[in-house]
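Accompanying notes for the structure given below.
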Amino acid sequence: MIARRWHGRVPADKAKDYLEKMRTVGLVDYRSTSGNLGAWCLLRREGDEVHFEMLTFWTDEGAIKRFAGSELTKAKYYDFDSDFLIEMEPEALHYEVVER
């Protein structure tokens, strides 16, 4: 199993709307991809910004590629992301899950 972590920051005044987008678009997209074993959205407020962490679990690299494309570590963005994100971080991190 592979865990994938994507991070993004949004201004605090846009966080509620961005969370709704992640609930209705992002999490649905993750979970509907064959090989996805679960998806969670984590939030942390830091001053005037809110950090979003999308934590997902996958059966293998092929499943991640079905979701994100052929470049395994490249972050996947949606059309609405540029309206919210402070920065478009280029990569997602991957971890081998050794125990659950």
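Only the coordinates and a few stated rules stand behind these numbers; no lab work does. Note that this is a predicted model, so its numbers are computed, not measured. We place every Cβ from the backbone using ideal geometry, glycine too, and count neighbours over all the protein chains shown.
Here the Kirkwood formula, the inverse mean of 1/r across different C-alpha pairs, assigns the stretch 1-55 a hydrodynamic radius of 11.8 Å. The Cα atoms of the chain define a convex hull whose projected area, averaged across directions, is 6.1 nm².
Taking GluC sites (Glu not before Pro) across the stretch 1-73, the ones in a DSSP loop with at most 15 further Cβ atoms lying within 10 angstrom of their Cβ are Glu71. In sequence order, the stretch 9-18 has phi-based couplings of 10, 10, x, 4, 6, 10, 5, 4, 5, 5 Hz under the Karplus curve 6.51 cos²θ - 1.76 cosθ + 1.60, θ = phi - 60°, and Gly or Pro positions carry x. Modelled spin labels at Leu72 and Lys21, positioned 7 Å past Cα toward Cβ, are 2.9 nm from each other. Once you have the Kirkwood Rh of the stretch 35-80 from its Cα pairs, apply Stokes-Einstein at 25 °C and 0.890 mPa s and quote D in µm²/s. Using the Kirkwood radius from Cα pairs, D works out to 202 µm²/s. Projecting the Cα positions of Trp6, Tyr18, Trp58 onto the charge dipole of the chain (unit charges on Cβ atoms of Lys, Arg, Asp and Glu, taken about the Cα centre) puts Trp58 furthest along the positive direction.
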